[in-house]
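Q: Before I ask anything, here is the structure I am working with.
The values are calculated or read from the model by the stated rules, or taken from the named source; none is laboratory data. Since we're looking at a predicted model, the values are computed, not measured. Glycine also receives a Cβ, built like all others from the backbone with ideal geometry; neighbour counts cover every protein chain displayed.
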Amino acid sequence: MQFIDPALEAYAKDRTKPEPDLLIELTAETYASMKWPGMLCGRLEGRLLKLLVQLIGARRVLELGMFTGYSALSMAEGMPADGELITCDIDPQAKAFAERYFARSPHGGKITIRLGPALATLKTLSAPFDLVFIDADKENYLAYWHAAIALVRPGGLVVIDNTLWSGKVLDPRDDETRAIDAVNRAIAADPQVENVLLPIRDGVHVARKRA
Ligand SMILES: C[S@@+](CC[C@H](N)C(=O)[O-])C[C@H]1O[C@@H](n2cnc3c(N)ncnc32)[C@H](O)[C@@H]1O
């Protein structure tokens, strides 16, 4: 589903700072070689993630759902040289792909990949993180939210992708959509956070843990 006029989306994209050439190359290879290339968040959301990281001065970031590394590299770009970004994925093919690009990026040294189910990896991590970006399997979104809000520092952000789920949240009929709707409701009702569900791309839910 296209949420806004495609011409307006293109206008917004064209008037947003471009991503580095390496991310353009990563995108092209993802579309040429991966089964679900549309999972990659792209320029508008990638630049938004970098901006959020910069706005809060994030030094420690956690990502659930790395894929070919576009969002991880976008966030790493906004972090200081000694920043640490831990990213999780279950797919060895995605890991091998992303590693090649991380090795070529001046920001790749900030990134550590944890291969395996994100729920298992989460159990091994300690607070505090400045920002947690959730973009893995949708059925576990509520569990990821609870883990993320516990790991993030007061004043930090939890950012969740695909929270409009192509408009299916208006009438949740399957497990994935019900899980996304449940997390959107849980965040809106949570007194620990300020939040806004941004209708950017497929929906980006941003929650700030109260300081
Ligand atoms: C939407 S893609 C991530 C896109 C990426 N954030 C970007 O913008 O380029 C979701 C990723 O989550 C991974 N994934 C699915 N289930 C997972 C799980 N249980 N634990 C960790 N990663 C998982 C998939 O392998 C896939 O690469």
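Q: Any idea which of Arg201, Arg173 is modelled with pLDDT under 95, outside any helix (DSSP H, G or I) and not acidic (Asp, Glu)?
A: Details: Arg173 fails: modelled with pLDDT under 95.
Just one listed residue meets the conditions, Arg201.
Q: So, in the range 95-122, how many residues would count as being part of a loop (DSSP other than H, G, I, E, B) and in contact with a helix residue (DSSP H, G or I) (Cβ under 6 Å, 6 or more places away or on another chain)?
A: From the range 95-122, those part of a loop (DSSP other than H, G, I, E, B) are 105-107, 116-117; that's our starting set.
Retained after the next criterion (residues that are in contact with a helix residue (DSSP H, G or I) (Cβ under 6 Å, 6 or more places away or on another chain)): 105, 107.
Total meeting the criteria: 2.
Q: May I pose another question? Among the residues in the range 80-94, are any within 14 Å of the chain's Cα centre (by Cα), farther than 20 Å from Met39 by Cβ and assigned to a strand (DSSP E or B)? Reasoning before the result, please.
A: Restricting attention to the range 80-94, the residues satisfying the condition of being within 14 Å of the chain's Cα centre (by Cα) are 85-89.
Now restrict to residues that are farther than 20 Å from Met39 by Cβ: none.
No; the residues of the range 80-94 include none that is within 14 Å of the chain's Cα centre (by Cα), farther than 20 Å from Met39 by Cβ and assigned to a strand (DSSP E or B).
Q: Among the aromatic types (Phe, Trp, Tyr) and more than 9 Å from the ligand (Cβ to nearest atom): does that describe Tyr101?
A: Numbers: among the aromatic types (Phe, Trp, Tyr): yes; more than 9 Å from the ligand (Cβ to nearest atom): yes.
Answer is yes for this residue.
Q: Looking at the range 134-149 only, could you name the residues that are over 18 Å from Asp190 (Cα atoms) and not in a helix (DSSP H, G or I)?
A: Asp135, Ala136, Asp137
Q: Another question about this same structure. What residue, of Arg104, Arg59, is surrounded by fewer than 24 Cβ atoms within 10 Å (Cβ to Cβ), touching a Gly at 6+ places or on another chain (Cβ under 7 Å) and more than 14 Å from Thr27 (Cα to Cα)? Outline the logic, then answer.
A: On the way: Arg104 fails: touching a Gly at 6+ places or on another chain (Cβ under 7 Å).
The unique qualifying residue is Arg59.
Q: Let me ask another. Within 12 Å of the ligand (Cβ to nearest atom), in contact with a strand residue (DSSP E or B) (Cβ under 7 Å, 6 or more places away or on another chain), outside any helix (DSSP H, G or I) and touching a residue at least 60 places away in the same chain (Cβ under 8 Å): is that true of Glu45 in this structure?
A: Against the criterion (within 12 Å of the ligand (Cβ to nearest atom), in contact with a strand residue (DSSP E or B) (Cβ under 7 Å, 6 or more places away or on another chain), outside any helix (DSSP H, G or I) and touching a residue at least 60 places away in the same chain (Cβ under 8 Å)), Glu45 does not qualify.
Q: Shifting gears a bit: Could you check, for the range 20-34, whether at least one of its residues is in a loop (DSSP other than H, G, I, E, B) and within 17 Å of the chain's Cα centre (by Cα)?
A: no
Q: Could you figure out which of (1) farther than 14 Å from Leu23 by Cα; (2) within 12 Å of the ligand (Cβ to nearest atom); (3) within 12 Å of the chain's Cα centre (by Cα); (4) surrounded by 21 or more Cβ atoms within 10 Å (Cβ to Cβ) isn't true of Ala118?
A: It is condition (3) that Ala118 fails.
Q: Can we say Met79 is more than 14 Å from the ligand (Cβ to nearest atom) and either β-branched (Val, Ile, Thr) or crowded, with 22+ Cβ neighbours inside 10 Å (or both)?
A: On the way: more than 14 Å from the ligand (Cβ to nearest atom): yes; either β-branched (Val, Ile, Thr) or crowded, with 22+ Cβ neighbours inside 10 Å (or both): yes.
Judged against the criteria, Met79 is a match.
Q: Need pairs with beta-carbon distance below 6 Å; first residue of a type in the set (Phe, Trp, Tyr) and within the range 89-104, second assigned to a helix (DSSP H, G or I); sequence gap 6+ or separate chains.
A: Tyr101/Leu26; Phe102/Gly108
Q: Also, I was wondering about something else. Give the residues of the range 1-51 that are buried (at least 17 other Cβ atoms within 10 Å of the Cβ), within 25 Å of Val169 (Cα to Cα) and in contact with a Gly (Cβ under 9 Å, 6 or more places away or on another chain), sorted by residue number.
A: Hits for the range 1-51 are Met39, Leu40, Leu49.
Q: Looking at Leu125, Leu131, can you tell me which residue is closer than 20 Å to Leu48 by Cα, out of contact with any Ser or Thr (no Cβ under 8 Å at 6 or more places or on another chain), more than 9 Å from the ligand (Cβ to nearest atom) and outside any helix (DSSP H, G or I)?
A: Numbers: Leu125 fails: closer than 20 Å to Leu48 by Cα.
Being closer than 20 Å to Leu48 by Cα, out of contact with any Ser or Thr (no Cβ under 8 Å at 6 or more places or on another chain), more than 9 Å from the ligand (Cβ to nearest atom) and outside any helix (DSSP H, G or I) holds for just one of Leu125, Leu131, which is Leu131.
Q: OK, next. Can you tell me which residue among Ile149, Ile200, Ile134, Ile113 is surrounded by 21 or more Cβ atoms within 10 Å (Cβ to Cβ) and β-branched (Val, Ile, Thr)? I'd like the intermediate steps shown before the answer.
A: Values: Ile149 fails: surrounded by 21 or more Cβ atoms within 10 Å (Cβ to Cβ); Ile200 fails: surrounded by 21 or more Cβ atoms within 10 Å (Cβ to Cβ); Ile113 fails: surrounded by 21 or more Cβ atoms within 10 Å (Cβ to Cβ).
When all the criteria are applied, what remains is Ile134.
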